[in-house]
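The values are calculated or read from the model by the stated rules, or taken from the named source; none is laboratory data. Bear in mind the structure is a predicted one, so any value in this text is a computation, not a measurement. With ideal geometry, Cβ positions are generated from the backbone for all residues, glycine too; neighbour counts draw on all protein chains shown.
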Amino acid sequence: MGLQKKRISLKLWHPVGDGFFKWRKFGDNGPPICFTNPLIRRMLKLANARKSDIIYELGSGWGQNLLTASTEFHVRKCVGFESIHQRYETALRRIGNRRLSKRVLLFKRDYQDLFTGKIAGADISEATIVLYSLATDSILAADFSNHLRRGCRLVYYNLTLFPEFMPDAVDYPFYMSKFPFTPPTTEIDWLRSVLRDGQSGRSKTAEQLWSELYHDYNVEHQEKRDILDYRTRLRAVLRKKGKEEVNG
């Protein structure tokens, strides 16, 4: 009888206004990238999120990062961009259930439209913090460099790295780079910064460090092509820097 009552109570319980997420019903897009609440707090602490900040999240999924920023860090304004209907509707419902619609704004748009000024009511240059956890490329790195305001903190994580600039602070798995970004000076410097290798005290070759990064991605079930793309982009940045130094 006691077991029966316990099962009934579990059946009647629901998270605050959310319901249970149906993890297996995502269609071709798969589940959004989600972090646990302790990790979200770590990410926002790395960004030094505070009351005066305006946070933009590009690819905001179910909205948990923005909800935490608003309710626990009391950020003045949170703005999310999510183009996938199911994720957008889920986030919109969760924000409404918490009565945060005036402080947390959602746009059902592709975040890339931000960089061409196609989203009325949104301007990424107002953001003091940008959260990003999707795929990266050199075009996106350039877009951030061309549109972020001075002092804006870009926060990303270990599977979405930017070889175009150095992290200014790290609380693994999260990285923060402040604009204007600092370009890497060597492969080894960038690799050691993202691998947190500064404590080892012994020198390693670039190939050894690339091998470590590949191991980390393999553990996370990521593709080798991501590492190859990072290396190609990093070397392109260093070649460009070398040419500028020669011409200067």
### Task
With respect to F20, determine if the residue is in contact with a His (Cβ under 9 Å, 6 or more places away or on another chain) and either over 30 Å from A141 (Cβ atoms) or modelled with pLDDT of 95 or more (or both).
yes
### Query
What helices (runs of 4 or more DSSP H) lie completely within the stretch 135-248 and have 3 or more residues being under 24 Å from L44 (Cα atoms), modelled with pLDDT under 95 and among the β-branched types (V, I, T)?
none
### Only one of L106, L67, L92 that is touching a Ser or Thr at 6+ places or on another chain (Cβ under 8 Å) and hydrophobic (A, V, I, L, M, F, W, C)
L106
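Quick one: is L44 under 24 Å from T160 (Cβ atoms), modelled with pLDDT of 95 or more, of a type in the set (A, V, I, L, M, F, W, C) and surrounded by fewer than 20 Cβ atoms within 10 Å (Cβ to Cβ)?
On the way: under 24 Å from T160 (Cβ atoms): yes; modelled with pLDDT of 95 or more: yes; of a type in the set (A, V, I, L, M, F, W, C): yes; surrounded by fewer than 20 Cβ atoms within 10 Å (Cβ to Cβ): no.
When the stated conditions are applied, L44 does not pass them.
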### Query
In the list Y132, Y111, which residue meets the criterion of being surrounded by 17 or more Cβ atoms within 10 Å (Cβ to Cβ), under 18 Å from the mean Cα position of the chain (by Cα) and within 19 Å of F73 (Cβ to Cβ)?
Y132
### Query
For K6, are the conditions met, namely being at pLDDT below 90 and either of a type outside the set (D, E, K, R) or exposed (fewer than 14 other Cβ atoms within 10 Å of the Cβ) (or both)?
yes
### Query
Taking I129, is it out of contact with any Gly (no Cβ under 8 Å at 6 or more places or on another chain), over 19 Å from A49 (Cβ atoms) and not assigned by TED's automatic domain parsing to the domain that holds W210?
no
### Message
Among the residues of the stretch 98-120, what is the count of those that are in contact with a Phe, Trp or Tyr (Cβ under 8 Å, 6 or more places away or on another chain) and part of a loop (DSSP other than H, G, I, E, B)?
### Response
4
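In the stretch 71-97, how many residues are part of a loop (DSSP other than H, G, I, E, B) and either touching a strand residue (DSSP E or B) at 6+ places or on another chain (Cβ under 7 Å) or not assigned by TED's automatic domain parsing to the domain that holds R50 (or both)?
Taking the stretch 71-97 first, the residues part of a loop (DSSP other than H, G, I, E, B) are 72-76, 82-84.
Filter once more, keeping what is either touching a strand residue (DSSP E or B) at 6+ places or on another chain (Cβ under 7 Å) or not assigned by TED's automatic domain parsing to the domain that holds R50 (or both): 75-76, 82.
Residues that pass the stated criteria total 3.
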### Query
Is there a residue being in contact with a Leu (Cβ under 7 Å, 6 or more places away or on another chain) and under 25 Å from R50 (Cα atoms) anywhere in the stretch 178-192?
yes
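This table checks each residue for (1) in contact (Cβ under 8 Å) with a residue 24 or more places away in the chain; (2) surrounded by fewer than 18 Cβ atoms within 10 Å (Cβ to Cβ); (3) assigned by TED's automatic domain parsing to the domain that holds G61.
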| position | (1), (2), (3) |
| --- | --- |
| A141 | yes, no, yes |
| R149 | yes, yes, yes |
| P163 | yes, no, yes |
| A169 | yes, yes, yes |
| F174 | yes, no, yes |
| R196 | yes, yes, no |
| K204 | no, yes, no |
### Message
Just to be sure I understand the filter: pairs with C-beta atoms under 9 Å, separated by 6 or more residues or on different chains, first member in the stretch 219-248 and closer than 22 Å to Q208 by Cβ, second member assigned to a loop (DSSP other than H, G, I, E, B) and of a type in the set (S, T, N, Q). Which pairs pass?
### Response
E220/N158; D229/T136; Y230/T136; R233/T136; L238/T185; L238/T186
